[in-house]
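In what follows, a single structure is set out as structure tokens and then discussed.
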Amino acid sequence: MKRWFYSAALAATAILILSCGKGDVYKSEVSFDNYLWERLTDKKTISFDNIHITDTDAVYDVYVDIRHTPYINEKQVKFLMKIISPDGVTRESSHTIKLTDRYGEKWAGDAAGDLIDIQTKCKSFISFPKQGDYTITLTNLGMYASMTGIISIGVKVEKADLKAYKSRENQ
């Protein structure tokens, strides 16, 4: 029994140390039925809930991950991002993620067969002033009634490495 407890405690400590090193606070993904993100229906907004923030002194980066097919009907993904605090305060910003290079010839993300993945930092060094559970919503602002060829969208929140940024800035 002691050996099992010791092994479990050691494994939990190792996981805690490894997870703290990366700085990830939250990561989640929403998949789209039939690779279709509507713009004119109630499905136009996707929600990422229970983003638990405990360290209000830290600054954070927010990433948006997009997975799509080469048959997507848009050259860029436009969306409205809302960050909703535990007490209901909402911050809004609009974003555009270009899916191709500046000439429209190559995919901006990593392509593997019919899957293209792109990760974009949409917010840098932002603060979450209240402890608790935040929500991030993304609302489709695309040109068409629906974006076809989009497989999933994910959101990742991680602690920003402000010390590394400041040391690069001072060089």
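The values are calculated or read from the model by the stated rules, or taken from the named source; none is laboratory data. For clarity, every value in this text was computed on a predicted model and none was experimentally measured. All Cβ positions, glycine included, derive from the backbone under ideal geometry; neighbour counts span all protein chains shown.
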Residue that is surrounded by the most Cβ atoms within 10 Å (Cβ to Cβ) [pool: residues in region 62-109 that are farther than 20 Å from ASP33 by Cα and touching a residue at least 60 places away in the same chain (Cβ under 8 Å)]: VAL62
Test result for ALA112, surrounded by fewer than 13 Cβ atoms within 10 Å (Cβ to Cβ) and at pLDDT below 95: yes
Test: residue in region 99-122 that is over 30 Å from ILE53 (Cβ atoms), of a type in the set (Ser, Thr, Tyr) and in a strand (DSSP E or B): yes
Lone qualifier among GLU158, GLU169 - being at pLDDT below 95, of a type in the set (Asp, Glu) and surrounded by fewer than 18 Cβ atoms within 10 Å (Cβ to Cβ): GLU169
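So, in region 123-148, how many residues would count as being of a type in the set (Lys, Arg), surrounded by 15 or more Cβ atoms within 10 Å (Cβ to Cβ) and in a loop (DSSP other than H, G, I, E, B)? Write out each step before concluding.
First pass over region 123-148, keeping only residues of a type in the set (Lys, Arg): 123, 130.
Now restrict to residues that are surrounded by 15 or more Cβ atoms within 10 Å (Cβ to Cβ): 123.
Okay, now just the ones that are also in a loop (DSSP other than H, G, I, E, B), so none.
Qualifying residue count for the region: 0.
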Selected residue (criterion: modelled with the lowest pLDDT) from residues of region 21-66 that are in a helix (DSSP H, G or I) and in contact with a strand residue (DSSP E or B) (Cβ under 9 Å, 6 or more places away or on another chain): LYS22
Among the candidates GLU74, GLU92, GLU158, residue that is acidic (Asp, Glu), out of contact with any His (no Cβ under 8 Å at 6 or more places or on another chain) and in a loop (DSSP other than H, G, I, E, B): GLU74
Test result for ASP24, exposed (fewer than 14 other Cβ atoms within 10 Å of the Cβ), over 16 Å from PHE79 (Cα atoms) and out of contact with any helix residue (DSSP H, G or I) (no Cβ under 7 Å at 6 or more places or on another chain): yes
